[in-house]
Every structure is written in C-alpha cells, then in structure tokens.
Amino acid sequence: MALVIGLNTYGDAESDLKSALEKNRDKVKELLKDPKFKEIVKKIDPSKLKDLPKNLPQGLKPPTMDDLIREGKKLKPEQYSDFLKKILKPFQLFKQHQLVKILKTGGNNPSVKRLLNENPKLTDFMARLLRDKLALPQLAKIAAQKEKIYFFLGFVIFTVIFGWILKRRASKLDHGFILSLFHSIKRFVFFMVLRFGVFVFIFAENISPTWKIFKKSFL
C-alpha cells in the first residue's frame, strides 16, 4: 500500500522544487541573468522535451507497481532483501514530514487517504518504515531462512494437533456450554500467543528493527 502511494505521488516533488526555488530566489535570479545560462537555454529544442520521459534511460524511469511485481516474481528468496533496498531508495530521499505528507494523499485512493489521515500514528509508522534502510530488508530476509521457516511450520502443526487432542478430551467432560466455550477461547488465545512468541524468538534479529520503529510511533 505504501509503495503504491509513493509511486503514485512523484508529482508532489514539484511542490518541494517550488519551495526550494522560493528559498533561493536571489541565487536563481543571478543564474537567469548569467549569459552562459541564457546561451544554454537557447540551444534547448522545446519539441524534444515532450518525449523526454520516454527517452530517459531505464534506470531513471520511476517504476510502476506492475514493473515491481514483474521483477519481484523473477527473484529468489535470497534476493528479496536487496530488491527492497533498491525500491526503497526514492523514499529515503524524503524527510519524515515530507513522506508523511505524501502518504496522506492516499495515492488517489479515498479509503486509504481517510485511513491514513485519521490515524497519524499509522502514517508516522509507515513513513519511518519506508525511510529506514534496515527494517523492511531485514524482514525480507526471513523468506530466505528455510530451515527456520520449516521448524516454525512444524511447531504450528504440532500445536494444532495438540490443541485438537485437548479439545477432544475436554469434550468428554460435562462442563456445560458456557464453560466449554470459555475453555475453547482460552486454548485458542494460549496457542496463538505461543506461536507468536516462538516466531518472534526464531526471527528476533529480523523483526528487531521494525519493532523499534513500531515503539517510536505507537508506544
């Protein structure tokens, strides 16, 4: 969602450019009076400027979401982290308040715009996450740790089977509907917390940078 918003709001850089020009008005005036600058401007062919975006080298074109998805599908899990570092670089050029402003536009999506404007802490978290050079790439490295993933999936399957056995035993006891429901909810919460705890323990190194950002924004 955040990538869509960022890629759809490259035009907002125009307002930042105007702001920069206003702050350096005197220097701009001096530049406009410079004969060398005037000579350079005279040599520019206006007809070629229309096709400038089409003629830019591939590396200078702002990627679309389709481009990112297409490129992402070709990658191996070991390459996800470096890929994220690459596509996050444009966001890291912005300051925190600038990126928050961009995210609040919602990428022309009214629902997203309303969500981010009504939840400033969420917007702050997303902006910090996109600007951070470590958080998302570290999370992406989880996909490459197959042994840890298999271990966690095995643990989840074990808890599902163990939970089913406990449920079967509890069903043989006459606790009544309310008490049985209470025990079912208690078992569900217990196993969910247990799974989450094991996941955090296994992938602590990968989750830590994101958790630090989460605490800054929400706690």
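The values are calculated or read from the model by the stated rules, or taken from the named source; none is laboratory data. Fair warning: this is a prediction, and the values are worked out from it, not measured in the lab. Neighbour counts run over all protein chains shown; Cβ positions are idealised from the backbone, glycine included.
Things worth noting here:
- Here residue 121 does not qualify as among the basic types (Lys, Arg) and not assigned by TED's automatic domain parsing to the domain that holds residue 98.
- Residues in the stretch 98-130 that are among the hydrophobic types (A, V, I, L, M, F, W, C) and under 21 Å from residue 88 (Cα atoms): 99, 100, 102, 103, 112, 116, 122, 125, 126, 127, 129, 130.
- Just so you know, in the stretch 196-219 the residues that are among the β-branched types (Val, Ile, Thr) and over 17 Å from residue 134 (Cβ atoms) include one that is surrounded by the most Cβ atoms within 10 Å (Cβ to Cβ), and it is 202.
- Some residue of the stretch 145-164 being of a type in the set (Gly, Ala, Ser) and free of Cβ contacts under 8 Å to residues at least 12 places away in the same chain: yes
- In this structure, residue 67 does satisfy being out of contact with any Asp or Glu (no Cβ under 7 Å at 6 or more places or on another chain) and modelled with pLDDT under 85.
- The residues listed here are 125, 94, 177, 152; of these, the one that is among the aromatic types (Phe, Trp, Tyr) and under 21 Å from residue 215 (Cβ atoms) is 125.
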